[in-house]
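Colleague: Got a structure for you, written out below as structure tokens; questions coming shortly.
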Protein chains: 2
Amino acid sequence: MIVGIDARDIRFPTSRHSHGSDAMNPDPDYSCAYVTLLMQGGKPGGNGLTFTIGRGNDLCVSAIQGLGKNLIGYTLDDFEEDLGLASRLLLHDSQYRWLGPEKGVVHLAAAALINAVWDALSKRAGQPLWRYISEMSSKRIASAIDFRHMRDYLPEAEAIARLEAQADGRHGRIATLLEDGYPAYTTSAGWIGYSDDNIIRRLKAAHAEGWRHFKIKVGGDLQSDIDRCALFRKTLGNDVRLSVDANQVWDVSEAVNAVEAMAPYDIYWVEEPISPDDVLGHKAIADAVAPIRIATGEHAHNKVMFKQFLQAEAIGFCQIDACRLAGVNEVLAVMLMADKANIPVCPHAGGVGLCEYVQHLSMIDYVCISGTMEERVIEHAAHLHEHFCHPIEIRNGRYLAPTAPGYSIDMWPESMKQFEFPHGEVWTEETVT
Amino acid sequence: MIVGIDARDIRFPTSRHSHGSDAMNPDPDYSCAYVTLLMQGGKPGGNGLTFTIGRGNDLCVSAIQGLGKNLIGYTLDDFEEDLGLASRLLLHDSQYRWLGPEKGVVHLAAAALINAVWDALSKRAGQPLWRYISEMSSKRIASAIDFRHMRDYLPEAEAIARLEAQADGRHGRIATLLEDGYPAYTTSAGWIGYSDDNIIRRLKAAHAEGWRHFKIKVGGDLQSDIDRCALFRKTLGNDVRLSVDANQVWDVSEAVNAVEAMAPYDIYWVEEPISPDDVLGHKAIADAVAPIRIATGEHAHNKVMFKQFLQAEAIGFCQIDACRLAGVNEVLAVMLMADKANIPVCPHAGGVGLCEYVQHLSMIDYVCISGTMEERVIEHAAHLHEHFCHPIEIRNGRYLAPTAPGYSIDMWPESMKQFEFPHGEVWTEETVT
């Protein structure tokens, strides 16, 4: 039985070296609100986190502590029996719901808690999360989903039918994953705060490691965006994929102009061109710049937003986030809708813990939902993996299938101690390193 | 100069009598995070609040304290000189922005702070807020707006032109407001937790006071919704207006069915039928139930959402909220877009302090933007006004124009002391009253 919720404010001073910098976020300090479910008798619970970029991470910690009370008194058996229970206990609390609804700090907090429950359940089953879910019946997977507000696009019966259609091939695909892993792309070479020399060096190193799909940050002044694309092609040639990410800084017409100016450099996708809430704006851009496709989702706050992006045919890639959406349950809902729309799911990662999380989600998508890796890639960034007990493993630009039980989000106690805000040693040292 | 931010957690135990109850929110405790700007030398600053319904109000208080640091060191002259400054200082903080962006707890907190700055500026000018803005040039009003992410619908030059088109008639409309006030409707008779007898008694009393437009809560089971509409017409007849509010509980097809079932009772608008994020869903319902019109907005979290509701012709009434949107600045942006779309602005109120706030906004809309009161009404609920130093004044179902300097949101110190959570006496009494 859950008897308490431990939540901690962990922050990494990534802004000191411009790691993670982009046109909207010049100085992120990659952070997380880290949850541990405290079980009766000190039995092992689950861990979860939600990702932020610094100031305000304390709000997520407080929201986890407050909202998390709704889980107290329930057992892992309760959650196992009703896979939608944790999600309902957290998202249907009407007083907390008012603060979103289903968005912002409260939703981020719910994500950390819900993911902690899934971590606990899959650990108890002795399986990595992706495998735990891959062994469930279609009906059971669908039982995790709250179909309220999405039935007009995907009702429950149709969701189950979509899962059933892929049920036969699951075991073959599990074997493929264990053997070959899952394709990926890297963002680590092109943060906006990096100098040209730094970018060239990082691109060459990543290429040597086997990467063939890269993303660089744009959204500065237009000429510098074009120069970055040119630098990329000059450094690595035309046989590799290039995606660009503007992190929401443009307006619709600016986005169209910018994409047209970068088009000669063979752009695979254009990510977050405008406000992440603007379904109709994305549609207008997508129509104007086709066949270049638009990607968004890391700030799409719930299934209703994704439903509309898909209904409107506004996006070409669906970038779910493991803890912007309310955990595994809501991600399953979105992946099923993306499958219906025939739009590839390419999760947002980087940050801290996001790579560890989303590898499971893409693998669930492959095994249970889409049945294909075609056009699908998991984002990769090279930072902060050393703080996790079971960090991601990359080989030749692919994620290896995780094998440790759980959701891969356990952090080393020593890391948490060192980086806890504001009293960990990295934040109290006189010298900024 | 602002030297500090005071933020307090004020909660009223309204759930004890089902005041404010609806299908989504059965037991709201109307609450607010109340801000006071602390000025150098103890000079008078401004007050602002953001409205919540209980649990999680503490998160808004914390967010105000953290985000509010961005205002420290600035003077009222700075804010007067650049009407967009406070808004930019709060909404463009990239680390806090990540937690939304521009939605949820952080946006609610920004609203309270921005409104406090407007309160301070209009108090210093010795004018009620609506009058303070009504005396500004068109260009100056537009300078308060951040046009990022809305230029595709309403660029700055067009916004100024729209304001200019109404500039000549402003003084006549100010005189009209001072004489006749502004039309309103009341929600106080039809909360979902009220018994039929209670509703009948309240409807009759409100009618006797001069009210002619009423809103009742629906979204229970369909038969009870129909019964409530029938009860309304039986009690007050057919010469008064009836709007209904489902508070988001339906899916698209449920909404269409329900509205068709209630249509014989002559429904003026249907409010919040589904998820407040679902622009395309609202459009589908609006098309299906025309000529009955759809209203939403109290949970539409920013100008980009309203932009889409208007672009898609998904709503027939635009229900701005004074502190769900990021304060006066973002409300001005939305009211100008609604004017372009020729959709009446009918603000969300009730709650605590919302009536006090939005009367100013509707009056600014009338004087500076739309130039008409046609089809426009301000929501009214009868609770909690006694806690404000300058409460709303209603006569014959109309709001009288406020005359006290500021944004009418000053709360009595005694009220705050009594209702502060968790140590105020109303929360520590043994006996629940």
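Colleague: Are any residues in the stretch B:303-318 surrounded by fewer than 24 Cβ atoms within 10 Å (Cβ to Cβ) and more than 14 Å from chain A (Cβ to nearest Cβ), and if so, which ones?
Modeller: Correct list: B:GLY316, B:PHE317.
Colleague: Do we find a residue being surrounded by fewer than 19 Cβ atoms within 10 Å (Cβ to Cβ), of a type outside the set (Ser, Thr, Tyr) and within 14 Å of chain A (Cβ to nearest Cβ) anywhere in the stretch B:208-219?
Modeller: no
Colleague: While we're here: For the stretch A:126-133, indicate whether the set of residues that are on the phi > 0 side of the Ramachandran plot and outside any helix (DSSP H, G or I) is non-empty. Please lay out each step first, then the result.
Modeller: Pass one, the stretch A:126-133, residues on the phi > 0 side of the Ramachandran plot: A:126.
Adding the requirement that they be outside any helix (DSSP H, G or I) leaves A:126.
Yes, the conditions are met somewhere in the stretch A:126-133.
Colleague: (1) under 17 Å from the mean Cα position of the chain (by Cα); (2) under 28 Å from A:GLU414 (Cβ atoms): which one isn't true of A:GLU386, the others all being true?
Modeller: Status for A:GLU386: all satisfied but (1).
Colleague: Looking at the stretch B:163-199, which of its residues are more than 21 Å from the chain's Cα centre (by Cα), under 26 Å from B:LYS340 (Cα atoms) and crowded, with 20+ Cβ neighbours inside 10 Å?
Modeller: Residue satisfying the conditions is B:LEU163 alone.
Colleague: Of all the residues that make up the stretch A:117-149, how many are more than 14 Å from every other protein chain (Cβ to nearest Cβ), among the acidic types (Asp, Glu) and surrounded by fewer than 24 Cβ atoms within 10 Å (Cβ to Cβ)? Please lay out each step first, then the result.
Modeller: First, pick out the residues of the stretch A:117-149 that are more than 14 Å from every other protein chain (Cβ to nearest Cβ): A:117-144.
Subset that is among the acidic types (Asp, Glu): A:119, A:135.
Right, trim to surrounded by fewer than 24 Cβ atoms within 10 Å (Cβ to Cβ) and you get A:135.
Residues flagged as more than 14 Å from every other protein chain (Cβ to nearest Cβ), among the acidic types (Asp, Glu) and surrounded by fewer than 24 Cβ atoms within 10 Å (Cβ to Cβ) within the stretch A:117-149 amount to 1.
Colleague: Step by step: first the residues of the stretch A:286-302, then only those that are under 20 Å from the mean Cα position of the chain (by Cα) and more than 9 Å from every other protein chain (Cβ to nearest Cβ), then the one that is nearest to B:GLY104 (Cα to Cα). Which residue is that? Steps first, answer last, please.
Modeller: Here is the first cut: in the stretch A:286-302, the ones under 20 Å from the mean Cα position of the chain (by Cα) are A:293-302.
Subsequent filtering for residues that are more than 9 Å from every other protein chain (Cβ to nearest Cβ) retains A:293-298, A:300.
On the way: A:ARG293: 29, A:ILE294: 26, A:ALA295: 23, A:THR296: 20, A:GLY297: 17, A:GLU298: 16, A:ALA300: 13 Å.
Restricting to residues being under 20 Å from the mean Cα position of the chain (by Cα) and more than 9 Å from every other protein chain (Cβ to nearest Cβ), the top hit is A:ALA300.
Colleague: Let me ask something else about it. Out of all the residues in the stretch B:259-275, is one or more within 11 Å of chain A (Cβ to nearest Cβ) and surrounded by fewer than 21 Cβ atoms within 10 Å (Cβ to Cβ)?
Modeller: Within the stretch B:259-275, none of the residues are within 11 Å of chain A (Cβ to nearest Cβ) and surrounded by fewer than 21 Cβ atoms within 10 Å (Cβ to Cβ).
Colleague: Is there any pair linking a residue in the stretch B:266-279 that is more than 25 Å from B:PHE232 (Cβ to Cβ) to one that is aromatic (Phe, Trp, Tyr), with Cβ under 6 Å and at least six apart or on different chains, and which?
Modeller: Here the result reads B:VAL279/B:PHE309, each pair linking the stretch B:266-279 to a residue that is aromatic (Phe, Trp, Tyr).
Colleague: Can you find a residue that is part of a helix (DSSP H, G or I) and in contact (Cβ under 8 Å) with a residue 60 or more places away in the chain anywhere in the stretch B:144-154? Walk me through how you get there before you give the answer.
Modeller: As a first pass, look at the stretch B:144-154 and keep what is part of a helix (DSSP H, G or I): none.
The answer is no, given that none of the residues of the stretch B:144-154 is part of a helix (DSSP H, G or I) and in contact (Cβ under 8 Å) with a residue 60 or more places away in the chain.
Colleague: Hey, among the residues in the stretch A:225-252 that are farther than 23 Å from A:GLU298 by Cβ and of a type outside the set (A, V, I, L, M, F, W, C), which one's nearest to the other protein chains (Cβ to nearest Cβ)?
Modeller: If we take residues in the stretch A:225-252 being farther than 23 Å from A:GLU298 by Cβ and of a type outside the set (A, V, I, L, M, F, W, C), then A:ASP227 is nearest to the other protein chains (Cβ to nearest Cβ).
Colleague: Which one of A:VAL352, A:VAL358 is assigned to a helix (DSSP H, G or I), at pLDDT 95 or above and not basic (Lys, Arg)?
Modeller: On the way: A:VAL352 fails: assigned to a helix (DSSP H, G or I).
That would be A:VAL358, the only listed residue that is assigned to a helix (DSSP H, G or I), at pLDDT 95 or above and not basic (Lys, Arg).
Colleague: Would you mention how many residues in the stretch B:85-113 are basic (Lys, Arg) and free of Cβ contacts under 8 Å to residues at least 40 places away in the same chain?
Modeller: Looking only at the stretch B:85-113, we keep the residues that are basic (Lys, Arg), and these are B:88, B:97, B:103.
Within this subset, residues satisfying the condition of being free of Cβ contacts under 8 Å to residues at least 40 places away in the same chain are B:97.
So the answer is 1.
Colleague: Taking the options A:GLU420, A:GLU414, A:GLU379, A:GLU425, name whichever one is acidic (Asp, Glu), surrounded by fewer than 18 Cβ atoms within 10 Å (Cβ to Cβ) and more than 17 Å from A:TYR34 (Cα to Cα). Before you say what the answer is, go through the steps one by one.
Modeller: Numbers: A:GLU420 fails: more than 17 Å from A:TYR34 (Cα to Cα); A:GLU414 fails: more than 17 Å from A:TYR34 (Cα to Cα); A:GLU379 fails: surrounded by fewer than 18 Cβ atoms within 10 Å (Cβ to Cβ).
A:GLU425 is the lone residue from the list that is acidic (Asp, Glu), surrounded by fewer than 18 Cβ atoms within 10 Å (Cβ to Cβ) and more than 17 Å from A:TYR34 (Cα to Cα).
For (1) within 15 Å of B:TRP98 (Cα to Cα); (2) in a strand (DSSP E or B); (3) without any contact (Cβ under 8 Å) to a residue 12 or more places away in the chain; (4) within 12 Å of chain B (Cβ to nearest Cβ), each residue gets a yes or a no:
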position: A:GLY4; (1), (2), (3), (4): no, yes, no, no
position: A:HIS19; (1), (2), (3), (4): no, no, no, no
position: A:ASP27; (1), (2), (3), (4): yes, no, no, yes
position: A:TYR34; (1), (2), (3), (4): no, yes, no, no
position: A:GLY54; (1), (2), (3), (4): yes, no, no, yes
position: A:CYS60; (1), (2), (3), (4): yes, no, no, yes
position: A:GLY66; (1), (2), (3), (4): no, no, no, yes
position: A:LEU83; (1), (2), (3), (4): no, no, no, no
position: A:ASN115; (1), (2), (3), (4): no, no, no, no
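Colleague: What helices (runs of 4 or more DSSP H) lie completely within the stretch B:213-289 and have 2 or more residues being among the small types (Gly, Ala, Ser) and farther than 20 Å from B:ILE200 by Cα? Don't jump to the end; show me each part of the working.
Modeller: On the way: elements: B:222-236, B:252-262, B:279-289.
In the stretch B:213-289, B:252-262, B:279-289 are the helices (runs of 4 or more DSSP H) which contain 2 or more residues that are among the small types (Gly, Ala, Ser) and farther than 20 Å from B:ILE200 by Cα.
Colleague: Would you mind telling me which numbered condition in (1) in contact (Cβ under 8 Å) with a residue 60 or more places away in the chain; (2) over 30 Å from A:ALA312 (Cβ atoms) B:THR372 fails?
Modeller: Every condition holds for B:THR372 apart from (1).
The values are calculated or read from the model by the stated rules, or taken from the named source; none is laboratory data. Computed from a predicted structure; not experimentally measured. Heads up, the Cβs are rebuilt from the backbone with ideal geometry, glycines too, and the neighbour counts pull from every protein chain shown.
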